Amino acid sequence: MNTPPTIDGLTPSALVTPLSAAELADTLAQAAADGLKVAPIGGGTALALGNPPERVDLALSTLALNGVLDYEPSDLVLSVAAGARFADVQALLAGHGQTLPLDPPGDAAATIGGLIATALAGPRRLGSGTLRDLLIGIAVAHPAGIVTKSGGMVVKNVTGFDLPRLYHGSLGTLGVIVSANLKVLPRARAEATLIARVVALDDALAAADRVRASRLRPVALEAALVDGAWFAAVRLEGRPATVATLAAEAAGLLESDTETLHGTDSAAWWRRYVAHQAVHAAPDEALLRFAVRPRATADLVRAVLRAVDGSGAIPRAVMASVGVGTVIVRAALDPEGAAATLSSLTATISPIADHVTVIAAPPAWKRGLDVWGGAPQTLDVMRALKSHFDPERVLNPGRFAGRI
Amino acid sequence: MSRAHDHLIERLERILGPGGVFHRPADLLVYEYDGSVEGAVDTAAPVAVALPTTTEQVAAIVRLANEFDLPVTPRGAGTGLSGGAVAQRGGIVVALTRMDRILEIDPEDRTALVEPGVINLELSEATIPGGHFFAPDPSSQKACTVGGNVAENSGGPHCLKYGVTTNHVLGLEVVLPDGRVVWTGGRAGHAPGYDLTGALVGSEGMLGIVTKALVRLTPNPEATLVELAAFPDVESASLAVSRIIAAGIVPAALELMDNLTIQAVEPAYHAGYPMDAGAVLLAELDGIAEDVRAEGEDVAVLCRETGATSVRVASEKPERDLLWKGRKMALAAMGRLTPNYYLHDTVVPRTKLPAALRRVAEVATEYDLPIANVLHAGDGNLHPLILFDRRQPGAVERVLHASHELLHSCVELGGALSGEHGIGTEKRAALTLVFSADDLAAMAGIKNSFDPKSCFNPEKLFPAGYRCGEVRALRAQALAQKLGIYAM
Ligand SMILES: Cc1cc2nc3c(=O)[nH]c(=O)nc-3n(C[C@H](O)[C@H](O)[C@H](O)COP(=O)(O)OP(=O)(O)OC[C@H]3O[C@@H](n4cnc5c(N)ncnc54)[C@H](O)[C@@H]3O)c2cc1C
């Protein structure tokens with residue numbers, strides 16, 4: 001339908017769905033000429049990310065740009081329009097025994113463009129990297145009314161500056177991604193997941209550490225609290241016989257009451273797990289992400305738990321990626337004074353975490369803080385980039401780091 | 001020498017000490033070149049070469065260059081193959097070879113913090129005993145620096161499985177063109193803001209000088225297997241490549257060498273490549289022992305099915321090293337065949353490899369130049385080696401024409417201008433083959449944002465005469481064209 005979605009409590013006056021990249025670029029140019037502010041929208045699964053926009057007049061949907069532009073399975077590369085849904089792309093690839101080895105949060109509705117713009121990544125980041133590592137080319141529409149491309153359809157390419165990396169995670173503030181070229185990989189022939197139920201956080205961390213120190217190369221390794229129970233989870237992939245051997249080894253390392261899931265059961269378990277990281281918060285909760293160097297993960301989770309407890313908040317999910325250094329927490333806050341609680345919570349952790357990000361929270365709670373936890377040292381270079389690509393600040397003004 | 005010149009040298013020496021500045025013509029000579037073949041890229045002499053040992057010194061040099069309004073060209077080992085380290089407009093070359101300390105190896109975080117002048121191979125040699133290696137492995141790894149790898153986003157045989165340099169750089173300390181020192185990225189993920197680390201990797205020394213790099217280390221594989229398959233011709237070897245990839249196997253490396261290369265390599269290094277083979281394929285598999293064993297068997301079967309006349313398997317290190325030696329020394333061995341060679345670097349989609357190799361053979365015939373092929377076949381990355389003798393009149397011109405022809409063909413096949421070596425001055429004129437004026441304007445945005453005065457490594461990457469204008473200016477142009485007004 002043509003009802004624009006709400007972004008942090010603000011409702012754009014119109015939703016436009018251009019039918020081509022050129023039309024999208026024209027729309028942007030027109031918006032710039034008319035002094036309108038634009039929020040690009042893909043699947044709408046991560047609209048809660050970022051500071052509340054300063055203003056938004058127009059929601060610009062990429063959903064009509066949804067085709068596969070080029071796919072030659074033997075080349076292991078794919079070119080896809082930005083509005084293509086992640087789940088649809090995965091289904092297409094699966095038909096050829098291939099995959100994007102990613103498990104981003106958000107439901108099946110997330111689009112490729114949105115995933116690039118938000119740089120959201122799930123637990124698989126440990127073993128497979130992120131979309132940043134798969135991106136080999138990109139086309140972007142700018143408020144100047146032009147579409148520019150960089151990279152290409154080859155897996156190794158140093159022809160010109162590396163713009164794909166710059167756009168990745170730029171939250172639509174430099175342009176609207178209209179298509180992307182991605183490396184794809186053969187799908188693993190088999191997978192297994194081991195879930196070790198434990199009594200407390202320290203047991204989960206110890207179990208995960210034993211796996212990390214072993215010969216196993218898990219694609220994901222988590223210590224987590226979900227639905228009131230602590231566990232360590234290990235995801236393994238490879239050839240069927242190898243996976244069976246490694247799963248037995250993992251069970252030995254985990255040393256506790258361990259459940260082993262195979263194949264589609266394993267994949268389904270991770271989909272449910274990652275759903276707890278979806279960029280969305282109930283009216284009484286906030287979703288936070290903390291990042292440290294990998295070796296500091298255990299200290300970080302402990303400190304986060306203490307701070308959450310101390311603030312009177314109730315943790316609904318605590319998910320630590322061991323070996324990555326990321327901890328994601330979904331916590332319920334007493335609505336009374338919640339904004340202040342959220343601020344003090346992030347302030348308490350800031351000294352020990354490199355980055356604290358409020359991924360999602362009710363708009364009223366976000367007003368008093370910078371959800372990105374402050375501006376980087378290179379803010380002036382960021383501003384220069386912004387003023388080159390979007391001098392009138394048409395795109396997502398105020399939402400990204402440094403309120404760019 | 002002029003007084004301004006003397007004054008500059010004096011000021012540089014005040015920053016670096018007398019031993020840290022080269023300025024006599026004889027001392028500058030080697031800095032006029034990089035690793036490229038003469039004639040393929042220009043040479044140029046800097047006013048002075050500065051050899052700092054600290055970040056503060058680098059920053060002071062850059063501020064001084066600003067004061068004297070001189071261009072700055074960063075330089076590592078000078079092994080670059082696209083003219084990147086040549087001071088095209090003179091000025092100061094900042095050579096980082098004396099900043100060569102490995103500052104920290106952290107096996108738990110799986111990272112290393114290094115100065116830019118650390119030699120690529122020395123980093124892996126330092127980390128392997130502790131269980132890790134630095135994955136980017138350009139064939140020049142005994143000489144090239146990590147700073148140069150970062151600037152060129154270098155690749156190597158093992159990029160097929162492990163990715164190129166940008167996939168292994170977590171953070172950078174950089175001296176910006178205004179002399180400020182900043183950090184981008186870092187040990188933790190999810191740094192807020194634009195991915196400036198990503199923009200800096202592959203920026204060919206045009207945006208800043210890398211003074212420290214925080215790089216990712218990869219755990220040593222539990223098992224490694226190398227197979228050498230001999231084929232009657234290049235076609236069947238490249239068919240094997242497609243079959244291996246299509247079977248869902250991602251080898252650590254998959255390298256192809258043609259008969260001409262074998263002729264050069266085998267007599268010199270006795271790696272055991274059959275002299276009568278039309279091509280050999282070198283496949284390395286690594287990872288968990290069980291998988292490596294099974295994949296090794298699959299690869300051998302696929303090679304035989306596609307026509308391999310022999311497959312040798314090496315699992316022990318000395319034998320693996322011997323098989324690799326032929327590949328690693330391929331360039332050095334070319335001297336046996338020819339006084340000069342031009343090493344080309346282009347890349348095509350994997351399935352276009354046979355077509356690209358056919359084209360290479362046609363160009364060899366058309367221009368009457370022998371061309372040897374050594375390629376990162378699994379990535380579609382070709383390295384045709386055009387053999388010539390520069391003493392023959394017109395030889396260099398013929399080589400350059402042939403190379404341009406190859407570039408064109410690879411672009412027509414859906415490829416790119418360079419897979420590893422960069423654009424520099426070598427391919428700047430060709431950039432418009434793949435990018436429109438608008439595309440270039442977006443790249444200019446990066447250049448302007450870091451280096452508004454365009455004093456860092458000028459006259460590189462962008463086509464000659466290109467002004468790094470604003471995207472904004474293009475709007476008028478785009479609208480005018482749409483309306484059919486070609487006023488501009
Ligand atoms: C025999 C041979 C084989 C090769 N094989 C490969 C290969 O397999 N794969 C591959 O990718 N390349 C290869 N190369 C090319 C070359 O070795 C790489 O590009 C290498 O990374 C360059 O490193 P360097 O230290 O020599 O840099 P230089 O040649 O000194 O400089 C290269 C560029 O980097 C910039 N630069 C250097 N240091 C810094 C710094 N600290 N900060 C900012 N900018 C800097 C320079 O300005 C220049 O633009 C090969 C070269 C040779 C001669």
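Does segment A:219-244 hold any residues that are in contact with a Gly (Cβ under 7 Å, 6 or more places away or on another chain) and closer than 14 Å to residue A:262 by Cα, and which are they? Hits for segment A:219-244: nothing passes.
Close Cβ contacts (under 7 Å, 6 or more residues apart or on different chains) running from residues in segment B:138-158 that are within 22 Å of residue B:206 (Cα to Cα) and in a helix (DSSP H, G or I) to residues that are near the ligand (Cβ under 6 Å from one of its atoms) and charged (D, E, K, R) comprise B:151/B:204; B:152/B:204. As a summary of the residue check, residue A:172 satisfies the conditions (1) of a type outside the set (Asp, Glu); (2) away from chain B (no Cβ under 14 Å); (3) part of a loop (DSSP other than H, G, I, E, B); (4) within 30 Å of residue A:398 (Cβ to Cβ) except for the one numbered (2). Taken together, the residues in segment A:350-394 that are small (Gly, Ala, Ser) and over 30 Å from residue B:444 (Cβ atoms) amount to 7.
Residues in segment B:198-256 that are within 10 Å of another protein chain (Cβ to nearest Cβ), in a loop (DSSP other than H, G, I, E, B), under 27 Å from residue B:319 (Cα atoms) and under 25 Å from the mean Cα position of the chain (by Cα): B:221, B:250. A Cβ distance below 7 Å, combined with a sequence gap of six or more or placement on separate chains, defines the contacts here; from segment A:284-296, residues that are within 7 Å of another protein chain (Cβ to nearest Cβ) and within 28 Å of residue A:363 (Cβ to Cβ) reach residues that are at pLDDT below 95 and not in a strand (DSSP E or B) in the pairs A:289/B:190; A:291/B:189; A:291/B:190.
Applying the set (1) of a type in the set (A, V, I, L, M, F, W, C); (2) within 14 Å of the ligand (Cβ to nearest atom); (3) more than 19 Å from residue B:201 (Cβ to Cβ) to residue B:58 leaves exactly one unmet item: (3). Output the residue which, of all residues in segment B:84-114 that are assigned to a loop (DSSP other than H, G, I, E, B) and within 14 Å of another protein chain (Cβ to nearest Cβ), is nearest to the ligand (Cβ to nearest atom). The qualifying residue nearest to the ligand (Cβ to nearest atom) is B:84. Reported count of residues in segment A:346-364, each being within 12 Å of chain B (Cβ to nearest Cβ), crowded, with 21+ Cβ neighbours inside 10 Å and not polar (S, T, N, Q), is 5. Taken over segment A:384-404, the criterion of being within 9 Å of another protein chain (Cβ to nearest Cβ) and of a type outside the set (Asp, Glu) is satisfied by A:384, A:385, A:386, A:387, A:388, A:389, A:391, A:400, A:401, A:402, A:404. The single condition from (1) over 26 Å from the mean Cα position of the chain (by Cα); (2) not in a helix (DSSP H, G or I) that residue B:74 fails is (1). Scanning segment B:348-360 for residues that are farther than 14 Å from residue A:77 by Cβ, surrounded by 21 or more Cβ atoms within 10 Å (Cβ to Cβ) and of a type outside the set (Val, Ile, Thr) yields B:356, B:357, B:359. Check residue B:72 against each of (1) at pLDDT below 95; (2) within 12 Å of the ligand (Cβ to nearest atom); (3) more than 29 Å from residue B:339 (Cβ to Cβ); (4) of a type outside the set (Gly, Ala, Ser) and name the one condition it does not meet. All conditions are met except number (1).
Taken over segment A:122-150, the residue count meeting the criterion of being closer than 18 Å to residue A:81 by Cβ and either at the interface with chain B (Cβ under 8 Å from one of its Cβ atoms) or assigned to a helix (DSSP H, G or I) (or both) is 9.
Scanning segment B:177-197 for residues that are in a loop (DSSP other than H, G, I, E, B) and facing another protein chain (nearest Cβ under 7 Å) gives B:186, B:187, B:188, B:189, B:190, B:191, B:192, B:193, B:194, B:195. Can you name every residue in segment B:172-184 that is surrounded by fewer than 22 Cβ atoms within 10 Å (Cβ to Cβ) and either without any contact (Cβ under 8 Å) to a residue 60 or more places away in the chain or among the acidic types (Asp, Glu) (or both)? Within segment B:172-184, B:173, B:178, B:182, B:183 meet the criteria.
Restrict the check to segment B:410-425 and report whether at least one residue is assigned to a helix (DSSP H, G or I), more than 14 Å from the ligand (Cβ to nearest atom) and in contact with a strand residue (DSSP E or B) (Cβ under 6 Å, 6 or more places away or on another chain). Taking every residue of segment B:410-425 in turn, at least one turns out to be assigned to a helix (DSSP H, G or I), more than 14 Å from the ligand (Cβ to nearest atom) and in contact with a strand residue (DSSP E or B) (Cβ under 6 Å, 6 or more places away or on another chain).
Within segment B:115-124, is there a residue that is more than 12 Å from the ligand (Cβ to nearest atom), more than 14 Å from chain A (Cβ to nearest Cβ), polar (S, T, N, Q) and more than 25 Å from residue A:297 (Cβ to Cβ)? Yes, there is a match, as at least one residue in segment B:115-124 is more than 12 Å from the ligand (Cβ to nearest atom), more than 14 Å from chain A (Cβ to nearest Cβ), polar (S, T, N, Q) and more than 25 Å from residue A:297 (Cβ to Cβ).
Selection over segment B:317-331 of residues that are modelled with pLDDT of 95 or more and either within 16 Å of the ligand (Cβ to nearest atom) or not in a helix (DSSP H, G or I) (or both) gives a count of 1. In segment B:132-179, the qualifying residues are those that are more than 15 Å from the chain's Cα centre (by Cα) and of a type outside the set (A, V, I, L, M, F, W, C), and the one that is farthest from the ligand (Cβ to nearest atom) is B:132.
The residue list A:381, A:304 contains one member that is aliphatic (A, V, I, L, M), closer than 21 Å to residue A:122 by Cα and either in contact (Cβ under 8 Å) with a residue 24 or more places away in the chain or within 14 Å of chain B (Cβ to nearest Cβ) (or both), which is A:304. Scanning segment B:332-347 for residues that are assigned to a helix (DSSP H, G or I) and buried (at least 19 other Cβ atoms within 10 Å of the Cβ) yields a total of 2.
Looking only at residues in segment B:348-391 that are in a loop (DSSP other than H, G, I, E, B) and under 15 Å from residue B:408 (Cβ atoms), the one that is farthest from the other protein chains (Cβ to nearest Cβ) is B:367.
The values are calculated or read from the model by the stated rules, or taken from the named source; none is laboratory data. None of these values were measured; they are calculated from a predicted model. Positions of Cβ are generated from backbone atoms using ideal geometry, with glycine treated the same way; all protein chains shown enter the neighbour counts.
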